[in-house]
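Report on one structure; see the data block that follows.
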Amino acid sequence: MADDCRSDCRLDRDHTCIVNCARKRIPDECVVCDLADLFKVFSDSTRMKMLWTMDGGEMCVCGIADALGMSASAVSHQLKTLKSFKLVSSRRVGKKVYYSLNDDHVNSIMRIALEHLTE
């Protein structure tokens, strides 16, 4: 059957067109690497739980720690990673720092992934 495909010029052209279009859809290498790194951040279950705790609004470190049964220092360590990928933002009030999801995109990524898993 492979020989039949090679002999059919139209099929070869269609195949080449499909392959060329597929190649054009792939973002630049730097963007692909950044996307892969972003998904690595999402791949950690502790960080995912932290993001879900902030889904309802901003929380302080001690609130996140209490909700997840973690130490404040462990939460702070993970928040640093989440902030570096712009997944959470912070707001200081006196000595307390409150964290929240950075924007609706973070919430959308989480909800779409959950929807995909549960369908």
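Here, each number is a calculation from the coordinates, and none is a lab measurement. As the structure is a prediction and not an experimental result, all values here were calculated from the model. As a convention, Cβ positions derive from the backbone with ideal geometry for all residues, glycine included, and neighbour counts pool all protein chains shown.
Entry note, region 44-118: relative contact order of 31 percent, from Cα contacts under 8 Å with a spacing of 6+ residues. Here the simple spin-label model places points 7 Å from the Cα toward Cβ, and for K49 and C33 these points are separated by 3.3 nm.
For A65, the shell of other residues with beta-carbons less than 15 Å away shows a net charge of +2, using +1 for Lys and Arg and -1 for Asp and Glu.
Calculate for the chain the 222 nm mean residue ellipticity that helices alone would give, adding -39,500 (n - 2.57) per DSSP H run of length 4 or more and normalising by residue count, nearest 500 deg cm²/dmol.
Rounded to the nearest 500, the figure is -21000 deg cm²/dmol.
Among R23, R47, R91, the order by Cβ neighbours within 10 angstrom, fewest to most, reads R23, R91, R47.
If a/c stays under 1.5 just call it rounded; otherwise compare a/b with b/c (prolate if a/b is bigger, oblate if not). Do that for the chain, with a ≥ b ≥ c from the square roots of the Cα gyration tensor eigenvalues. Taking the square roots of the gyration eigenvalues as a ≥ b ≥ c, the chain is prolate.
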